[in-house]
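One structure is given here, and the rest of the page talks about it.
The values are calculated or read from the model by the stated rules, or taken from the named source; none is laboratory data. This is a predicted model, so every value here is computed, not measured. Heads up, the Cβs are rebuilt from the backbone with ideal geometry, glycines too, and the neighbour counts pull from every protein chain shown. We work out accessible area using only protein heavy atoms, side chains counted, and drop any ligands, DNA or RNA first. Shrake-Rupley method; radii C 1.70, N 1.55, O 1.52, S 1.80 Å.
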Amino acid sequence: MSGTQRRVAAAGGLLWRNGERGLVEVVAVWRPVVGNWSLPKGKLDPGEPPLAAACREVEEETGVPVIPQLWLCRASYVLPNPEGDVYKHVDYWSMRTEKPDAVFTADDEIGERRWLTLAEAREALTRPRDQQVLSAFAALPAVTSTVLLTAPAEVEQDWDGPVVARPLSLRGQDQAVRLAALASLYQPDRAFTATGRASVQTVEPIAQAVRCTLTGDSVFDTEAHERNPERSSARVRELAGGGGAVIVCAEPEVVCDTVAILADEDGIDAPDVSTRPGEAWVLSLSGQKLVGIERL
């Protein structure tokens, strides 16, 4: 890749729905400047997380409000430029929506929005990067639920009270707010936490942002986990059975073990399950089977 002078990061999505013909349909957009159909995508704003950029760009280009599901792939390519080739990569997520018929307004950049079956999309989307995304999506079963599994944010170190009442530090509070900004994109309708104060404080900003009820669940406490290490993973499967999205804050060792157990049971590659304070996992499930895992 010698001669490459500039790198550009972008993000986009494969937005899908169950169409009237009983087939899965995906959104494609017509770009009049280049004269082709493609999946919606765009460049990251400075400091913007790729997932946030993907959701923003898809909604801006299609007019459809989106809910992310799971990361599909990264498409990388070189754009020839007289001033030096540009190396570009685009991260794509699969996305669903509750408003597939939202109003679309054409402009100079996007001239048309169209729902296509997968077969139609393979014909219309001629660029290799779009074909790569379509293939990644088609290879997976339909995602029916998302579980956001997070560890408590950083706690206050100078605390001489009961461990269960240890609060978040100021840095931990900032971590919780940043976590809420990304987690709220999934629009969780349920929230569960270990019984410790730090766990509750970690999830409170998210629950407030999406206006969902927060419930304590001792199965995600360290003590309960030590008695029955597999109970927390079974509980995650139970929650996934309800569909939609749910956020869970568990004690750090519970998070690591739960991710490892689920991945091992369902044959998903997860070589490093270490989890820092305030860090979360996105667990994508089809029914109660784990089909995808990524760090939020």
- prompt: So what are the ³J(HN,Hα) numbers for the stretch 96-109, from phi and the Karplus equation (6.51, -1.76, 1.60; θ = phi - 60°), rounded to whole Hz, Gly and Pro as x?
  reply: 10, 8, 9, 9, x, 9, 4, 5, 10, 10, 6, 8, 5, 7
- line: Placing one equal point scatterer on each C-alpha of the stretch 151-203 and summing with Debye, one gets log10 I(q)/I(0) at q = 0.21, 0.24 Å⁻¹ equal to -0.73, -0.89
message: Give me the one-decimal nm value for the distance between modelled label points at Arg127 and Thr105, 7 Å along each residue's Cα-to-Cβ direction.
response: 2.5
- request: Pop the C-beta distance of Leu23 and Ala260 into the FRET formula with R0 = 30 Å and round what comes out to the nearest 0.05.
  value: 0.25
- prompt: So what's the convex hull volume per residue for the Cα atoms of the stretch 1-75, in Å³?
  reply: 143
- prompt: Among the GluC sites (Glu not before Pro) within the stretch 190-296, which fall in a DSSP loop and have no more than 15 other Cβ atoms within 10 Å of their own Cβ?
  reply: Glu230
query: Between Thr195 and Ala181, how many nm apart are label points set 7 Å from Cα along the C-beta direction?
result: 3.5
message: At 1.4 Å probe size, with the rest of the protein present, what percent of the exposed accessible area of the chain is carbon and sulfur atoms?
response: 50
query: Along the charge dipole of the chain, which of Leu168, Val143, Val29 sits closest to the positive end, that is, farthest toward it, with unit charges on the beta carbon of Lys, Arg, Asp and Glu (+1, +1, -1, -1)?
result: Val29
- line: Once both label points are put 7 Å beyond Cα along the C-beta direction, the Val34-Arg276 separation in nm becomes 3.4
statement: Everything considered on the Cα gyration tensor (a ≥ b ≥ c; rounded for a/c under 1.5, else prolate if a/b is larger than b/c, else oblate), the stretch 68-114 must be described as oblate
message: With a 1.4 Å probe and all protein chains kept in place, how do Thr193, Thr222 rank by accessible area, largest first?
response: Thr222, Thr193
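Could you tell me what percent of the DSSP beta bridges with both partners in the chain are antiparallel, to the nearest 5?
60
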- prompt: Tell me, what is the percent relative contact order of the chain, built from C-alpha pairs under 8 Å that lie six or more residues apart?
  reply: 18
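Leaving out ligands and nucleic acids, note down the accessible area per residue over the stretch 126-165 with a 1.4 angstrom probe, in whole Å². Don't jump to the answer; show the numbers that get you there.
On the way: 2040 Å² over 40 residues.
Roughly 51 Å² per residue, with all protein chains present.
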field: Zone residues, the stretch 266-296, relative to Asp174, backbone N less than 16 Å from point 7 Å out along Cα-to-Cβ
entry: 277-279
message: So if each residue of separation counts as 0.36 nm, and I subtract the Cα-Cα distance between Asn228 and Glu83, what length gain in nm does that give?
response: 46.1 nm
message: What's the magnitude of the charge dipole for the chain around its Cα centre, counting Lys and Arg as +1 and Asp and Glu as -1 at the beta-carbon? Answer in Debye, nearest 20.
response: 620
query: Picking from Asn228, Thr193, Cys212, whose Cα lies most toward the positive end of the charge dipole for the stretch 192-246 (charges on Cβ: Lys, Arg +1; Asp, Glu -1)?
result: Cys212
message: Suppose only helical runs count, i.e. DSSP H with n ≥ 4. What mean residue ellipticity at 222 nm does that imply for the chain under -39500 (n - 2.57) per run, divided by all residues and rounded to the nearest 500 deg cm²/dmol?
response: -9500 deg cm²/dmol
- prompt: Can you work out the FRET efficiency for the pair Gln288 and Arg211, with r the C-beta to C-beta distance and R0 = 25 Å, to the nearest 0.05?
  reply: 0.40
task: Would you list the P(r) distribution for the chain, with all Cα-Cα distances sorted into 5 Å bins from 0 and each bin expressed as a whole %?
output: 1, 5, 11, 15, 17, 15, 12, 10, 7, 4, 2, 1, 0, 0
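Find the accessible area per residue for the stretch 174-296; the probe is 1.4 Å, ligands and nucleic acids are left out, and the unit is Å².
Working: 5330 Å² over 123 residues.
Computed with neighbouring chains in place, this is 43 Å² per residue.
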message: Working only with C-alpha atoms, what are the Rg and Dmax values of the stretch 162-296, expressed in angstrom?
response: 13.9, 40
query: What size of dipole, in debye to the nearest 20, comes out for the stretch 98-247 about its Cα centre when the only charges are +1 on Lys and Arg C-beta atoms and -1 on Asp and Glu C-beta atoms?
result: 280
